[in-house]
């Protein structure tokens, strides 16, 4: 019986392999045979190789050409024109998300994880009023107050001569901003005179585990089922995060129940007053929705700002040109102009755009599924249901779009198409199309105001930091620098 079972299993495996390699609609797409057979190829580069899949994809395209079969039912395409046409168009909005990755972030009911394009549009429309450009202008006092707290830390470091690790400081600032806007109670991480690094350590540890949660989403179920006391025994650094979540869940439940609260404008209020159906307003879904804003609003802003700070300080000419523009536009460094004024400064906006390009935003690939129509690419006809992916690493660093792509070169955004042929459409830091990052306006406002404050109020100097400390090296959904990085450290002169 055992022999028969073994034979049957062997035949079944052989037939599966033959089908995927010879009979599958994607069989003619070039690429590694192991990738065509199984998703274990992806798992290897995510886990065993430590998050190096985006860089492996670059090598695969150099070997096989612009289209590569990356999985049994996935192709990856590295073509600037295709990227804009398929992913960047806001009119082509009927693309589903990749179902196997729905649970990778632990918030499967949120807009960012929604599979079906129809449901995604409904959920996004309900959340969008909270993050329009008009609403962002109303959040200026919040951004200003959190920036002032970050500036307080820099002033203190100036007096003491201590070195400041900017990634942690800016992550706390961005987290304080998004939680103050979206939640009943903000994190207030910068309200203490001394920065407590435990929350930062906990978040960094969680980020480093992303690939495990992506491939084994059951880990999310286990983690969420743990009593807070157990979690704190396992991870003492989680104390601030756990206490903050308990408080906000209680207050959010009051909001959803229609009770009066001390804070009348949060993401929970916005969602409850929307036209979403009653099932969409149940507590678990709404909590996941708002929590996804926290996940997206901290590290991405911190990483972009850290990248900008290093490269500006690493090039004296850039430092002088940026400072000159800021001094001319901001006579009084203690009073920062409104966002729309800062957005009109050409060199400041070029510096920020270049920082966004190099910092990538999301380093994992963007995967979409056209479920109703075939997609034609060159001589290939990809059937409906094919997973089609692109990557910010390949697009943002594509020499066909950006001359000398690894160089921090703000002038590429001010001196015409010779240095930047693709324009902003080829920068995938905020994604593209109908699923483009909903928090883009808030992030842009934070970046404009933060860079203005940092380089108008302070003289900074890089301390024991090199380009490897900001260059993307590993993919953990968000890009990570080399493993020995101590962050982006500066002295305040």
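On inspection, residue 282 fails the criterion of being farther than 14 Å from residue 125 by Cα, surrounded by fewer than 18 Cβ atoms within 10 Å (Cβ to Cβ), touching a helix residue (DSSP H, G or I) at 6+ places or on another chain (Cβ under 6 Å) and without any contact (Cβ under 8 Å) to a residue 60 or more places away in the chain.
Residue-level check: of (1) touching a residue at least 60 places away in the same chain (Cβ under 8 Å); (2) under 28 Å from residue 270 (Cα atoms); (3) in contact with a helix residue (DSSP H, G or I) (Cβ under 8 Å, 6 or more places away or on another chain); (4) part of a helix (DSSP H, G or I), residue 128 misses just (3). Is at least one residue of segment 449-457 surrounded by fewer than 19 Cβ atoms within 10 Å (Cβ to Cβ) and either in contact with a strand residue (DSSP E or B) (Cβ under 9 Å, 6 or more places away or on another chain) or free of Cβ contacts under 8 Å to residues at least 24 places away in the same chain (or both)? Checked segment 449-457: no residue is surrounded by fewer than 19 Cβ atoms within 10 Å (Cβ to Cβ) and either in contact with a strand residue (DSSP E or B) (Cβ under 9 Å, 6 or more places away or on another chain) or free of Cβ contacts under 8 Å to residues at least 24 places away in the same chain (or both).
Every listed requirement among (1) surrounded by fewer than 17 Cβ atoms within 10 Å (Cβ to Cβ); (2) in a loop (DSSP other than H, G, I, E, B) is met by residue 106 save one, (1). The one condition from (1) modelled with pLDDT under 90; (2) more than 22 Å from residue 361 (Cβ to Cβ); (3) touching a helix residue (DSSP H, G or I) at 6+ places or on another chain (Cβ under 6 Å); (4) crowded, with 17+ Cβ neighbours inside 10 Å that residue 276 does not meet is (1). Scanning segment 370-388 for residues that are within 19 Å of residue 436 (Cβ to Cβ) and surrounded by fewer than 21 Cβ atoms within 10 Å (Cβ to Cβ) returns a single hit, 370.
Scanning segment 469-487 for residues that are over 13 Å from residue 299 (Cα atoms), part of a strand (DSSP E or B) and touching a strand residue (DSSP E or B) at 6+ places or on another chain (Cβ under 8 Å) yields one hit, 474. Considered as a group, the residues in segment 338-369 that are more than 16 Å from the chain's Cα centre (by Cα), assigned to a loop (DSSP other than H, G, I, E, B) and touching a residue at least 60 places away in the same chain (Cβ under 8 Å) include one that is surrounded by the most Cβ atoms within 10 Å (Cβ to Cβ), and that residue is 343.
Put simply, of 60, 47, 53 the only residue that is farther than 21 Å from residue 437 by Cα, crowded, with 21+ Cβ neighbours inside 10 Å and either touching a strand residue (DSSP E or B) at 6+ places or on another chain (Cβ under 6 Å) or at pLDDT 95 or above (or both) is 53.
Here's a check for you: in segment 177-205, which residue that is under 25 Å from residue 128 (Cβ atoms) and under 17 Å from the mean Cα position of the chain (by Cα) is surrounded by the most Cβ atoms within 10 Å (Cβ to Cβ)? Out of the qualifying residues, it is 177. If you check 221, 247 for being assigned to a helix (DSSP H, G or I) and closer than 19 Å to residue 109 by Cβ, only one passes: 221.
The values are calculated or read from the model by the stated rules, or taken from the named source; none is laboratory data. Keep in mind that this is a model prediction, so the values were computed, not measured. Cβ sites come from the backbone with ideal geometry, for glycine too, and all protein chains shown count toward neighbours.
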